[in-house]
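Report on the following structure.
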Amino acid sequence: MPSPNPQHKLGLACEECRRRKLRCDRRQPSCGLCETSGVECQITARPPRGPKRGYLKLLQNRIEPFNYDPEPDFAALDDHIDLMKWQFPITIEERQLGGDFDSTKTSIPSAASSVDGLGGVTPSLVEGLAGHCGLTSHPMTIGVNISKLMEADLQLYFDRVQRLVPILHKSRYVALRHYGNNTDEQNCLRYAMWTLAASFSAHRQNVGESLYQYTQQLLHSLDSSIQNFSSNNLEQIQAWILLAVHEFMCVDFRRGWVSAGRAFRLIQLNWRHGIDGSSLAHKQRDWVESEEIRRTFWMAYCLDRFVSIRIGSPLTLSENVAIRLPCPEINFQNGQPIIMEFLPEALAASAAPAASAFTECIIAATISGRVLSHRHHCEVGDIYQNSLEDLWTRHEWINTMHNQWMQNFFSAYAVEMQQSDPMALSIALIFLITRLHLHETALLIRLAVSCCVTEDGRAVEIIDQNRFTL
């Protein structure tokens with residue numbers, strides 16, 4: 001056995017060596033320095049340094065339950081998740097808040113007792129969902145529970161999503177969330193909001209697919225219910241719009257198109273005559289509810305135009321409707337009534353700036369819809385024997401209107417504002433895409449002119465080449 005290093009003797013240094021910061025030889029009863037100096041060699045007992053025995057093992061046992069994969073493969077997990085047995089993970093914060101949040105279990109003994117577990121889903125919707133999923137009255141596992149902390153985290157909807165889809169009034173939503181007896185449509189809206197909010201959150205994307213699947217089931221079950229088919233319910237339309245936006249962004253364009261189409265048909269069924277006409281005998285509503293209806297219609301109107309101009313399909317919703325334009329966001333959220341103009345009046349006042357970014361979006365969508373309809377006329381002009389002169393006159397009129405509104409928009413919204421406002425950025429893209437469609441339509445008209453000949457074989461010069469400017 002090797003001898004210990006003589007420079008590292010066991011024992012404690014004396015107080016005199018500590019004071020002088022010298023190495024103590026630790027001789028007994030007096031070290032060499034104290035013996036030479038003639039002072040008393042004193043040694044003060046001190047506890048040993050370092051952690052206590054077993055302390056590190058105790059720490060390891062305490063942190064073991066919280067070990068996790070820093071980069072889990074959520075895509076692989078979603079492929080193996082049974083949505084009807086899915087349980088949301090409880091975070092550390094939720095565990096610390098106590099037993100009030102220990103409510104994420106989704107095992108429900110029966111359809112009748114599943115109402116409380118779903119956060120307010122009514123029995124009729126539960127029965128419809130059970131029938132839609134092919135479930136009977138035997139004990140089943142159904143639904144998705146949202147803990148209170150997770151629900152609060154998903155309220156980033158109003159911080160991020162509302163700026164892009166401004167159709168909901170925050171105070172009304174908070175009241176809906178805390179109201180005990182929510183309708184089936186209101187619960188569909190809540191889950192649609194959670195689904196879209198989860199797609200905007202980096203911390204909740206792992207549950208976004210499960211929320212999306214469950215929201216789909218709720219809405220399809222509601223559509224299949226006979227008693228709800230003829231109901232005039234705003235929340236159901238809003239839920240379909242939010243689900244369509246989520247599908248456009250995160251799932252598939254075709255699915256988003258189908259979901260948006262459901263919202264369009266419900267709008268045509270319920271608001272085909274508008275809500276602001278002087279001769280309309282509409283129901284008595286408060287101003288906030290009426291404004292939500294306006295915003296819901298105009299958001300669906302914009303979606304209709306944006307989808308149609310992307311794939312070239314015909315428009316579904318008409319711009320000639322007795323529904324006023326939405327008011328500014330601050331008036332809407334504060335409940336301050338203000339009478340806005342109709343769309344034709346806003347288009348006629350092209351010199352005046354739009355009241356809000358949402359109104360700018362509606363105007364840009366209207367122009368894009370007119371450009372799309374104009375292109376359809378040009379493509380079938382030879383079939384219906386439309387006059388090329390009329391087509392070009394209409395083209396110049398739409399082109400002038402587009403240039404004027406686009407110039408006003410880029411003057412009011414600088415590039416920095418567009419980068420910080422998702423709605424403004426979308427409007428800028430729509431104006432530029434519409435410009436490309438106008439260019440392609442002009443080429444179609446020029447091609448039609450070059451192919452149009454008179455009886456003697458000479459080309460008919462209808463459009464002066466100097467007027468062909470883009």
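Taking the criterion of being surrounded by fewer than 17 Cβ atoms within 10 Å (Cβ to Cβ) and out of contact with any strand residue (DSSP E or B) (no Cβ under 6 Å at 6 or more places or on another chain), would at least one residue in segment 365-373 satisfy it? Spell out how you get there, then give the answer.
So the first thing to find is which residues in segment 365-373 are surrounded by fewer than 17 Cβ atoms within 10 Å (Cβ to Cβ), and the list is 373.
Restricting the remaining residues to those that are out of contact with any strand residue (DSSP E or B) (no Cβ under 6 Å at 6 or more places or on another chain) gives 373.
Looking for residues that are surrounded by fewer than 17 Cβ atoms within 10 Å (Cβ to Cβ) and out of contact with any strand residue (DSSP E or B) (no Cβ under 6 Å at 6 or more places or on another chain), one finds at least one in segment 365-373, hence yes.
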Output for segment 30-48, where each listed residue is modelled with pLDDT under 85 and under 14 Å from Arg20 (Cβ atoms): none
Cross-chain or 6+ apart pairs with Cβ under 8 Å, segment 33-52 first and assigned by TED's automatic domain parsing to the domain that holds Cys17, then part of a loop (DSSP other than H, G, I, E, B) and among the acidic types (Asp, Glu): Leu33/Asp25; Cys34/Glu40
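Here is a list: Glu329, Glu379. Which entry is exposed (fewer than 15 other Cβ atoms within 10 Å of the Cβ), outside the structural domain of Ile167 (by TED's automatic domain parsing) and acidic (Asp, Glu)? Steps first, answer last, please.
Values: Glu329 fails: exposed (fewer than 15 other Cβ atoms within 10 Å of the Cβ).
It is Glu379.
Take residues that are modelled with pLDDT under 95 and aliphatic (A, V, I, L, M) and tell me which of the helices (runs of 4 or more DSSP H) falling wholly in segment 283-364 contain 3 or more. Even if it seems obvious, please write down each step before you answer.
Values: elements: 287-311, 329-334, 343-348.
Filter on segment 283-364 gives 287-311, 343-348.
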Contacts under 9 angstrom Cβ, first residue in segment 433-449 being surrounded by fewer than 19 Cβ atoms within 10 Å (Cβ to Cβ), partner outside any helix (DSSP H, G or I) and aromatic (Phe, Trp, Tyr), 6 or more apart: Arg446/Phe468
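Might you let me know whether segment 372-380 holds any residue that is within 30 Å of Arg172 (Cα to Cα) and in a helix (DSSP H, G or I)? Break it down into steps so the answer makes sense when it comes.
So in segment 372-380, the residues within 30 Å of Arg172 (Cα to Cα) come out as none.
The answer is no, given that none of the residues of segment 372-380 is within 30 Å of Arg172 (Cα to Cα) and in a helix (DSSP H, G or I).
If I ask for residues that are touching a residue at least 12 places away in the same chain (Cβ under 8 Å) and closer than 20 Å to Ile430 by Cβ, which ones from segment 395-409 would you list? If you could, list the steps in order and put the result at the bottom.
So in segment 395-409, the residues touching a residue at least 12 places away in the same chain (Cβ under 8 Å) come out as 395-396, 398-399, 401-402, 404-406, 408-409.
Within segment 395-409, His395, Ile398, Asn399, Met401, His402, Gln404, Trp405, Met406, Asn408, Phe409 qualify.
Is it the case, given these coordinates, that Arg305 is over 24 Å from the mean Cα position of the chain (by Cα), among the basic types (Lys, Arg) and surrounded by 16 or more Cβ atoms within 10 Å (Cβ to Cβ)?
no
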Long-range neighbours under 6 Å by Cβ, at least six apart or interchain, first residue farther than 14 Å from Ala239 by Cα within segment 253-278, second modelled with pLDDT under 90 and among the polar types (S, T, N, Q): Asn270/Asn232
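The values are calculated or read from the model by the stated rules, or taken from the named source; none is laboratory data. This structure is a prediction, so every number in the text was calculated from the model and none was measured. Backbone-built Cβ (ideal geometry, glycine too); neighbour counts: all protein chains shown.
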